[in-house]
Amino acid sequence: LAQPVTPELLVSPSSQDGDLGSECPEDRGNWTGRLDFLLSCIGYCVGLGNVWRFPYRAYTNGGGAFLVPYFIMLAICGIPIFFMELSLGQFSSLGPLAVWKISPLFKGVGMGTILIVSLVAIYYNMIIAYVLFYLFASLTSDLPWQHCGNWWNTDLCLDHHVIKAGNTTFPVNITNTVSPSEEYWSRYVLHIQGSSGIGDPGRIRWNLCLCLLLSWTIVYLCILKGVKSSGKVVYFTATFPYLILVMLLIRGVTLEGAWKGIRFYLTPQFDHLLSSKVWIEAALQIFYSLGVGFGGLLTFASYNTFHQNIYRDTFIVTLGNAITSILAGFAIFSVLGYMSQELGVPVNQVAKAGPGLAFVVYPQAMTMLPLSPFWSFLFFFMLLTLGLDSQFAFMETIVTAVTDEFPYYLRPKKASFSAVICISLFLMGLILTTEGGMYWLVLLDDYSAGFGLMVVVITTCLVVTRVYGMKRFCRDIHMMLGFKPGPYFRACWMVLSPATMMALLVYNIVKYQPSEYGSYRFPAWAEVLGILMGVLSCLMIPMGMVVAVLGEEGTLWEVGVRQASRPAMDWGPSLEENRTGMYVASLAGSQSPKPLMVHMRKYGGITSYENTAIEVDREIEEEEEE
């Protein structure tokens, strides 16, 4: 039989000189190493919340029994949404704004995402600034929060070293006392006594301001060249925390009384599983820990090659994140058990969550150990590396989203644009460096990524499965990975994940509680401001709809809404050679009716991905005939 000849018409003009280009759009940039993407995702997901939120949530919600709802919610909510977000990014090679070519009517979802991420980036970097402050303070032979008697201490300050060295026949009442570490945090680092509340920020704390500036400088230098630079930094920032965590874990479990903390952390209380609160808490932990809805996963996946195995990566990252959280719990609670024994108080009196754990309780525990400055430095260096790669993701999301919208103007000037974003967010964050800055940080933390983020994720899930179509989305994944998602993913995307997140949203609204910091209650105007932050990200969705419909010609419903909800003409894989079936020749300026032939010439024959493309084409043809 004669060998079939490929007609020249079937080869794109750009490939006739023999140079078929790379598999990624070069002008946009892409990952330069095999592990860049995987480590970036791990670094993004494994953040401060794994250390300071998960262990506390576990012990307050049934100890070891909490792991049951935690892993069930990971399977229902975490893994499916994680995979959906990666699939959208990799298939389109677009950021969180431009990806809404999938259904331009809902571009407001992308705008809401960028607003949420910007607000989170402002206060998240302030937390990194606090970590830097403590990191520098640990570079001493005697930790400054070890003893009372400093200018910032009050008469209520009680040093545990004094209790231990004193005459034990006289019991000391510690109920109305304050630890040196707590006064160091509130009265020296924050200088919160200089502010009467959120409406009275007071003066800027210049040492905190410089730490914030340093923090933004580090972030900028690491994202200077986009994923090409941040993709290399994560080789250190995503792996080094594990080394420190293991060191802290080994040191913790060898301490006297460590078993008390671990028993407190893991003793299963199965009666808690009958409470809806425990299941909601598990879903919330999964939701925020994996970082779904923030656009970071979508952004990272958009820099992948078209056939990267994100299915495998999804399970590596999500399960790795869960195991890290559990390990962190052992490291934290073993030290808290030792601390409770030293102070002679129950573990639940020393256990805290959030900044209280990182900047008060754990630093106090460090002062009880030999070589305390060394262990303190290690702990805060771990927090620094955990925080930085999450911040890289937030910044990469913002920069990628905007540059993908205006590629001709901003891509050549990406470094300058990144600098403008960093400087702007630094200036907005200056209020957090004031004496009353902690009140603003709590407000941002409580409202910036609350119900607004859930609305964004629910809308994304519903648009992809119902507006774009489950069958078409599964076909896209088939074209990209060589197989279709199974019944588990389809069931979660269609019903289980949106229903669970709806329940979360309703629970958050019904169980709404005003913000507070210690004994301070926020005034009504601050609550309204916080609620507006959340509502504004939701309002972006209808605003985007109005803009999309007005941009279409014809009557409002017949043409406007229906046309705007359909994928844009150039929606699909970014490279011509990956566009098959319905995506053939839909790129602007495309002259190739069969990009598949480009693939065949490039790889020297039909590969498994080409076979998949042929199958997808045949499927579409059969459907059209029916």
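Residues whose amide H falls under 5 Å from that of THR434, counting only those 5 or more places apart or on a different chain, are ARG205, with hydrogens built in the peptide plane. If R0 is 22 Å, the Cβ-Cβ spacing of LEU462 and MET582 corresponds to a FRET efficiency of close to 0.50.
For region 250-343, just say rounded, prolate or oblate: build the C-alpha gyration tensor, square-root its eigenvalues into a ≥ b ≥ c, call rounded for a/c under 1.5, and beyond that prolate if a/b exceeds b/c, oblate if not. It comes out prolate by the Cα gyration axes. The distance between label points at THR32 and PHE406 comes to 2.7 nm (points 7 Å beyond Cα on the Cα→Cβ vector).
Our summary gives the chain a relative contact order of 30 percent, counting only alpha carbon pairs under 8 angstrom and 6 or more residues apart.
Under the simplified labelling scheme, the LEU224-LYS101 pair shows an inter-label distance of 3.2 nm, with each label point 7 Å from Cα along Cα→Cβ.
How high is the FRET efficiency between ASP570 and ILE72 when r is their beta carbon distance and R₀ equals 41 Å, given to the nearest 0.05? Computed FRET efficiency for ASP570 and ILE72 comes out at 0.55. Among ILE127, ILE280, SER448, pick out the residue whose Cα is farthest towards the positive end of the charge dipole of the chain, where Lys and Arg carry +1 and Asp and Glu carry -1 on C-beta, about the Cα centre. Of the options given, the answer is ILE127. Each residue of region 362-379 was assigned a 3J(HN,Hα) from its phi angle through the Karplus expression (A = 6.51, B = -1.76, C = 1.60, θ = phi - 60°), giving 5, x, 5, 5, 4, 5, 8, 8, x, 6, 4, x, 5, 5, 5, 4, 4, 4 Hz with x at Gly and Pro. For VAL528 and GLN193, a Förster radius of 30 Å and the Cβ-Cβ distance give a FRET efficiency of 0.65, rounded to the nearest 0.05. The label-point distance for VAL547 and THR154, in a model that sets each label 7 Å from Cα toward Cβ, rounds to 4.9 nm. How large is log10 I(q)/I(0) at q = 0.06 Å⁻¹ when the Debye formula is applied to the Cα atoms of the chain, each weighted equally and without solvent? So the normalised log intensities are -0.36.
For region 34-557, the Cβ-based charge dipole about the Cα centre amounts to some 1240 debye (Lys, Arg positive; Asp, Glu negative; other atoms uncharged). Per residue, the chain exposes an accessible area of 42 Å² to a 1.4 Å probe, with every protein chain left in place. For CYS157, the residues whose amide H sits under 5 Å from its own are VAL178, ignoring neighbours fewer than 5 places away on the same chain, with H placed 1.01 Å from N. For region 144-302, the relative contact order works out to 12 percent when only alpha carbon pairs closer than 8 Å and six or more residues apart are counted.
Loop exposure criterion: trypsin sites (Lys or Arg not before Pro), DSSP state outside H, G, I, E and B, at most 14 other Cβ atoms within 10 Å. Applied to the chain, the longest stretch between such sites is 204-510. Our coupling estimate for region 335-345, obtained by passing each phi through the Karplus curve with A = 6.51, B = -1.76, C = 1.60 and θ = phi - 60°, is 5, 5, x, 4, 5, 5, 5, 4, 8, x, 10 Hz, Gly and Pro reported as x. The residue among ALA568, VAL109, PHE240 whose Cα reaches farthest toward the positive pole of the charge dipole of the chain, with charges on the beta-carbon of Lys, Arg, Asp and Glu, is PHE240. For region 34-557, with all protein chains in place and a probe radius of 1.4 Å, 69% of the accessible heavy-atom surface sits on carbon or sulfur. In the chain, which longest range has no chymotrypsin sites (Phe, Trp or Tyr not before Pro) that are both DSSP loop (not H, G, I, E or B) and surrounded by at most 13 other Cβ atoms within 10 Å? Excluding the exposed sites themselves, the longest stretch runs over 152-482.
The values are calculated or read from the model by the stated rules, or taken from the named source; none is laboratory data. Just so we're clear, the structure is a prediction, and the values are computed from it rather than from any experiment. Neighbour counts are summed over all protein chains in view; Cβ atoms, including those assigned to glycine, are modelled from backbone coordinates with ideal geometry. These accessible areas exclude ligands, DNA and RNA; they are computed on the full protein's heavy atoms, side chains included. Shrake-Rupley method; radii C 1.70, N 1.55, O 1.52, S 1.80 Å.
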